[in-house]
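See below for the structure under consideration.
The values are calculated or read from the model by the stated rules, or taken from the named source; none is laboratory data. All figures in this text were calculated on a predicted structure; none of them were measured in a lab. All Cβ positions, even for glycine, are placed from backbone atoms using ideal geometry, and neighbour counts span all protein chains on display. Heavy atoms of the whole protein, side chains included, go into the accessibility calculation; ligands, DNA and RNA do not. Shrake-Rupley method; radii C 1.70, N 1.55, O 1.52, S 1.80 Å.
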Amino acid sequence: MKALLPVYCRPLGYFVIALALFLPFLMMMMGKVTDANLLFYKECSKLLMMLGALMIIFALTKGECKEVEEIRNKATRNAIFQIG
């Protein structure tokens, strides 16, 4: 099983997590978050954080050999089966 995402997706995943962390606070200061839509923004930020984490996990690293890629993919697959 090959890495699903290219190398540049790792820093992009960190950016997505940082965006999901600070965006609700910025929107609250701009007055966009109210009691009626708080749950929506909470779930959206949670989904963005999960997307960023998956981008980091599945991205290929620079200079990664085939063995490391196989070990990482097996560990991820086992974690998904144990959680689900």
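Scanning the stretch 27-50 for residues that are β-branched (Val, Ile, Thr) and open to solvent by 100 Å² or more (accessible area, probe 1.4 Å) yields a count of 0.
Restricting attention to the stretch 1-26, the residues that are of a type outside the set (A, V, I, L, M), within 18 Å of Phe58 (Cα to Cα) and open to solvent by less than 50 Å² (accessible area, probe 1.4 Å) total 2.
Remark: pairs (first residue in the stretch 65-78, on the phi < 0 side of the Ramachandran plot and touching a residue at least 40 places away in the same chain (Cβ under 8 Å); second residue surrounded by 12 or more Cβ atoms within 10 Å (Cβ to Cβ) and not in a helix (DSSP H, G or I); Cβ separation under 6 Å; 6+ apart in sequence or on different chains) = Glu69/Ala3.
For the stretch 35-53, the criterion of being among the hydroxyl-bearing types (Ser, Thr, Tyr) and at pLDDT 90 or above is met by at least one residue. Can you find a residue in the stretch 57-67 that is exposed (fewer than 10 other Cβ atoms within 10 Å of the Cβ), under 19 Å from Ala79 (Cα atoms) and at pLDDT below 90? Scanning the stretch 57-67, I find at least one residue that is exposed (fewer than 10 other Cβ atoms within 10 Å of the Cβ), under 19 Å from Ala79 (Cα atoms) and at pLDDT below 90, so the answer is yes.
Taken together, the residues in the stretch 28-49 that are without any contact (Cβ under 8 Å) to a residue 24 or more places away in the chain and touching a helix residue (DSSP H, G or I) at 6+ places or on another chain (Cβ under 7 Å) amount to 2.
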